[in-house]
Amino acid sequence: SLAGTRAELHRADFFAVDWDAALRDLPAPVLVVGNPPWVTSATLGALASGNLPTKSNFQGHRGLDAVTGKANFDISEWMLLRLLEALHRRDFTLAMLCKSSVARKVLQSVARRDWPTRGAVWGIDANAHFDAAVDAVLLVVSKGEAPGEHRWPVYDGLDAAQPSRAMGVVAGEVVGDVGAVAETQRLLGRSEVEWRSGIKHDCADVMELRLANGVYRNGLGEAVDVEPDRVFPLRKGSEVANGRGGERFVIVTQRAIGEDTTALRACAPRTWAYLEAHRARFEARRSSIYRGQPPFAMFGVGAYSFAPYKVAICGLYKRLRFAVVGPQGGRPVMLDDTSYFLPCDTPERAEALAAALNGPLARRFFEARVFWDAKRPVNKALLGALSLDALLRAAGAAPVAARQLPLP
């Protein structure tokens, strides 16, 4: 079908092409269109695929983020940035189908590099067109007049004549609605009380229990005999999100990260014996965070974990619902690591904070900054960007500073 035309067809490995040379001699304006693969580097690694770019920290992550999950990336992100690197000084337009999350990362990278570009995104129904359950867009980037044009209109669909909002980069971070961010700027700050995540142990079959007929049983179906003071009620993230709970319990091996667990031999011998019997399961935990830690170590544990009241939200749900979690059977309730919470010492303080966080001001603040297609849309960075004192003052309530929230 290309016979007799000026078209040329080349088949090549994207990562082996010298894109600067390939695009340099094309007459302007240059149009690049495509549908790069919607797959992450981690997925290709699991498939033992060699079709990957050379390993590098191209996103500029620092410290732990560079060696943990944040170093994972979408292959299309790398590809789009490589093309833009070769194109951004030219008169060009790049139009690509990609995941919404990739479009945001491209915007952030373009802003960080201060390339003179402008862009826009149009929503597409990936489920209908590609049978893919993912938020996706048509991303269009073209040459801008000058650096700093990092506000991209967002159209709800390909037929939309007007954008519904504009996403952009504020203080180095991508936000979903620049207008709403400006409206809620007075609430922006650093949370006066640090948001905490729940406990992480990666050994649910051993650590998490259910109580039936007065007997604890683990996920393996075994009866468990441990000291009662080491067992606490547990609320999973899904239970926080849906207002349920009360049936699960968890063994807590430490009261602070890094605490020596061998003391359990003397102070909780039954617990120690039970954990020792399942040591192999703990040693098989794959996360690097447990390396060099005491036996049966946990994370996300500290004095805040034992606060009697917590204002909690599940990070995985596409819902802004803050719940008050109080004691159960006279014991503080533990949360799992899919939840974030503010520790409180009285029910009155917890209820006041929850009422403010569930109110319209806080909702507007979070909705301007949250991306619901993210794997964990509600995260510590999002929550911690809201000044609780500013929120309470705006709502007509007394501010609640960190010193007003003593921990046990």
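The values are calculated or read from the model by the stated rules, or taken from the named source; none is laboratory data. Treat the numbers as computed from the prediction; the structure is a model and nothing was measured. Don't worry about glycine lacking a Cβ; one is built from the backbone with ideal geometry, like all the others, and counts go over all protein chains shown. SASA here: full protein model, heavy atoms, side chains in, ligands and nucleic acids out. Shrake-Rupley method; radii C 1.70, N 1.55, O 1.52, S 1.80 Å.
Which of rounded, prolate, oblate describes segment 69-195, given a ≥ b ≥ c as roots of the alpha-carbon gyration tensor eigenvalues and a/c under 1.5 marking rounded, otherwise prolate only if a/b is larger than b/c?
Values: a/c = 1.42, a/b = 1.23, b/c = 1.16.
Rounded is the answer for segment 69-195, as its axis ratio a/c remains below 1.5.
Once fully extended, how much extra length lies between residue 132 and residue 217, figured as 0.36 nm per residue of separation less the alpha-carbon to alpha-carbon distance?
My answer for the length gained is 26.7 nm.
Using modelled amide H (1.01 Å from N, peptide plane; none on Pro or chain starts), what sits under 5 Å from the amide H of residue 32, excluding residues fewer than 5 places away?
Excluding prolines and chain starts, which carry no amide H, the hits are 93, 94, 95.
Taking only Cα atoms, what is the 0 to 90° angle, nearest 10, from helix 347-357's long axis to the longest principal axis of the chain?
Between helix and principal axis, roughly 10 degrees.
Provide the per residue accessible area, probe 1.4 Å, for segment 286-408, rounded to a whole number of square angstrom.
Spelled out: the 1.4 Å probe surface of segment 286-408, per residue, equals 42 Å².
Once label points are set 7 Å from the Cα along Cα→Cβ at both residue 259 and residue 173, what is their separation, rounded to one decimal in nm?
Label at residue 259, label at residue 173, 3.1 nm between them.
Go through segment 125-188 and name the GluC sites (Glu not before Pro) that are in a DSSP coil and have 15 or fewer other Cβ atoms within 10 Å of their Cβ.
Numbers: sites: 145, 149, 173, 183; in loops: 145, 149.
Listed in order of number, the matching sites are 145.
Please give me, ordered by residue number, the trypsin sites (Lys or Arg not before Pro) of segment 350-391 that lie in loop per DSSP and have at most 16 other Cβ atoms within 10 Å.
Those that pass, being in a loop and sparsely packed, are 375.
Hey, with R₀ at 25 Å, roughly what FRET efficiency would residue 156 and residue 112 work out to, going by the Cβ-Cβ distance, to 0.05?
Details: r = 27 Å, r/R0 = 1.09.
With R0 = 25 Å, the Cβ-Cβ based efficiency is 0.35.
Can you compute the modelled spin-label distance between residue 188 and residue 346, with each label point 7 Å from Cα toward Cβ, in nm?
It works out to 3.4 nm between the two label points.
Can you find, among 341, 377, 53, the residue sitting farthest towards the positive end of the charge dipole of the chain, where Lys and Arg contribute +1 and Asp and Glu -1 at Cβ?
Among 341, 377, 53, the one farthest towards the positive end of the dipole of the chain is 341.
Any chance you could give the angle, 0 to 90 degrees and rounded to 10, that helix 100-113 forms with the longest Cα principal axis of the chain?
Once rounded, one gets 70 degrees.
Pairing the Cα long axis of helix 75-87 with the longest principal axis of the chain, what angle in degrees results, from 0 to 90 and rounded to the nearest 10?
For 75-87 against the chain, the angle is about 40 degrees.
With the cut-off at 1.5 for a/c, could you classify segment 247-288 from its C-alpha gyration tensor as rounded, prolate or oblate?
On the way: a/c = 1.26, a/b = 1.22, b/c = 1.03.
Note, shape of segment 247-288 comes out rounded.
Can you give the accessible area of residue 96 in Å² (nearest 10), computed on protein heavy atoms with a 1.4 Å probe?
10
What 222 nm value per residue comes from the helices of the chain, counting each DSSP H run with n ≥ 4 as -39,500 (n - 2.57) and dividing by all residues, nearest 500 deg cm²/dmol?
Per the formula, -7000 deg cm²/dmol.
In whole Å and largest first, what semi-axes does the C-alpha gyration tensor of segment 244-373 yield when each eigenvalue is scaled by 5 and square-rooted?
33, 18, 12
Where the only charges are on Cβ atoms (+1 Lys, Arg; -1 Asp, Glu), what is the dipole of the chain about its Cα centre, to the nearest 20 debye?
500
From Cα pairs below 8 angstrom and at least 6 apart in sequence, can you work out the relative contact order of the chain, rounded to a whole percent?
14
Beyond 15 Å, what share of the Cα-Cα pairs of segment 116-175 remains, rounded to the nearest whole percent?
Taking all Cα-Cα pairs of segment 116-175, the fraction more than 15 Å apart is 56 percent.
Can you pull the percent of the chain's accessible area that's carbon plus sulfur, 1.4 Å probe, other chains left in place?
Carbon and sulfur atoms account for 51 percent of the accessible area of the chain.
With a 1.4 Å probe and all protein chains in place, put 313, 289 in order of accessible area, largest first. It would help to have the intermediate numbers written out before the result.
Details: 313 0, 289 45 Å².
Output order, biggest surface exposure first: 289, 313.
What ranking do 99-108, 242-251 get when scored by the average of other Cβ atoms within 10 Å per residue, highest first? Could the numbers behind the result be given before it?
Values: 99-108: 22.7, 242-251: 16.7.
So the order, starting with the most tightly packed, is 99-108, 242-251.
Remind me, relative contact order of segment 78-187 in percent, using alpha carbon pairs under 8 angstrom and six or more residues apart?
RCO, segment 78-187: 25 percent.
Please go through the residue pairs 143/380; 105/200; 143/318; 105/318 and name each one whose alpha carbons sit more than 31 Å apart in this structure.
Table pairs above 31 Å Cα-Cα are 143/380; 143/318.
Take residue 227 and residue 280, extend 7 Å from each Cα along the Cα→Cβ direction, and tell me the distance between the two endpoints in nm.
2.8
Could the peptides 223-233, 207-217, 134-144 be put in order, highest first, of the mean number of other beta-carbon atoms found within 10 Å of their residues? Show your work: numbers first, answer last.
Details: 223-233: 15.7, 207-217: 13.9, 134-144: 19.8.
The packing order, highest mean first, is 134-144, 223-233, 207-217.
In Å², what does the accessible area per residue of segment 95-252 work out to with a 1.4 Å probe?
Result: 47 Å² of accessible area for each residue.
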